[in-house]
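The structure under discussion appears below in the form of structure tokens.
The values are calculated or read from the model by the stated rules, or taken from the named source; none is laboratory data. Only a predicted model underlies this, so the values are computations on that prediction, with no experimental measurement involved. With ideal geometry, Cβ positions are generated from the backbone for all residues, glycine too; neighbour counts draw on all protein chains shown. Only protein heavy atoms, including side chains, enter the accessible area calculation; ligands, DNA and RNA are left aside. Shrake-Rupley method; radii C 1.70, N 1.55, O 1.52, S 1.80 Å.
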Amino acid sequence: MATGKVKWFDASKGYGFIRPDDGSPDVFVHLSEVLKVKLPHLRPDVPIAYTLEVEGGKRSAKELSPASASATSTPLSGMRDDPLTDFTDEFEKERGLRQA
């Protein structure tokens, strides 16, 4: 699996980008991939592991997972014991479904 750090992600837009650790071009990540694995909110610089898919010259991230702390220098700050609850809270706040 490839690893990188979240460059930016906006749930209201439904996408974001990952900056690969190997210095290759940024990788597109769609909200549907985040929802599949119920990751917590993807904040900038959060380490992430993914499978790179190249289709029609476009690079996108599939099969997302939190990167191990040993593989990256930035910890997964803000993650709670229950990632589903964390993801749900953050997603609903971003979509305006829940107050902060």
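Filter region 41-50 for residues that are open to solvent by less than 50 Å² (accessible area, probe 1.4 Å) and out of contact with any Ser or Thr (no Cβ under 9 Å at 6 or more places or on another chain); which is farthest from Arg19 (Cα to Cα)?
Ranking the qualifying residues of region 41-50, first place goes to His41.
Would you say Phe17 is at pLDDT below 95 and surrounded by 15 or more Cβ atoms within 10 Å (Cβ to Cβ)?
no
Looking at Glu63, is it at positive phi, in contact with a strand residue (DSSP E or B) (Cβ under 9 Å, 6 or more places away or on another chain) and either surrounded by fewer than 17 Cβ atoms within 10 Å (Cβ to Cβ) or at pLDDT 90 or above (or both)?
When the stated conditions are applied, Glu63 passes them.
This table checks each residue for (1) touching a residue at least 60 places away in the same chain (Cβ under 8 Å); (2) loosely packed, with under 13 Cβ neighbours inside 10 Å.
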{"residue": "Thr3", "(1), (2)": "yes, no"}
{"residue": "Val6", "(1), (2)": "no, no"}
{"residue": "Gly23", "(1), (2)": "no, yes"}
{"residue": "Phe28", "(1), (2)": "no, no"}
